[in-house]
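What follows is a short report on a single structure.
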Amino acid sequence: MFALTERAAALIQTLIHKADMHPGSGLRFSLEPACGALVMSLVARPVRADTVFTFGNARVFLAPSTVTRLDRQTLDAHVSERSRAFFLRDS
């Protein structure tokens, strides 16, 4: 099952706040149709068919095409003064 670390949840909340989005907003994973690349974007709400995960105040929306790909993955984050990055690792 998809999971999220506290660092990733905190980064999602920070990005939502800085983008001045409402509290129900979240990070959405989808696939780029042309090449199958995984895409992350901040969105105001999930698409109807999305699977929604809530971790504290952070929300993650998985498009149907990403659910299997992200099964047994954990979203983590690296945050430093110079950069912020999400990354996936095996659960």
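What follows draws every value from the coordinates through simple rules; no lab data is involved. The shown structure was predicted, so the numbers you read here are calculated from the model rather than taken from an experiment. When we count neighbours, we look across all protein chains shown, and the Cβ atoms used for this are built from the backbone with ideal geometry, even at glycine.
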When S25, S83, S30, S65 are ordered from fewest to most other Cβ atoms inside 10 Å of their Cβ, what list results? S83, S65, S30, S25
Once you have the Cα-Cα distance between A10 and R82, take 0.36 nm times their residue separation minus that, and quote the gain in nm to one decimal. 24.2 nm
Karplus (6.51, -1.76, 1.60) ³J(HN,Hα), θ = phi - 60°, over the range 48-63, in Hz, Gly and Pro reported as x: 3, 8, 5, 8, 10, 10, 10, 10, x, 9, 8, 10, 10, 10, 10, 4
Apply the Karplus parameterisation 6.51 cos²θ - 1.76 cosθ + 1.60, with θ equal to phi minus 60°, to every residue of the range 20-36 and state each ³J(HN,Hα) to the nearest whole Hz, in sequence, with x for glycine and proline. 6, 9, 6, x, x, 5, x, 9, 10, 9, 9, 10, 6, x, 5, 10, x
Final fewest-first order of E6, E32 on the 10 Å Cβ neighbour count is E32, E6
Of every Cα-Cα pair in the chain, the percentage lying beyond 14 Å is 63
Which residues' amide hydrogens lie under 5 Å from the amide hydrogen of Q73, considering only partners 5 or more residues apart or on another chain, with H built in the peptide plane? F2, A3, S91
Output ³J(HN,Hα) for the range 66-79: one whole-Hz value per residue in order, computed from phi by the Karplus curve 6.51 cos²θ - 1.76 cosθ + 1.60 with θ = phi - 60°, and x for Gly and Pro. 9, 4, 5, 4, 9, 4, 6, 10, 10, 7, 10, 9, 10, 10
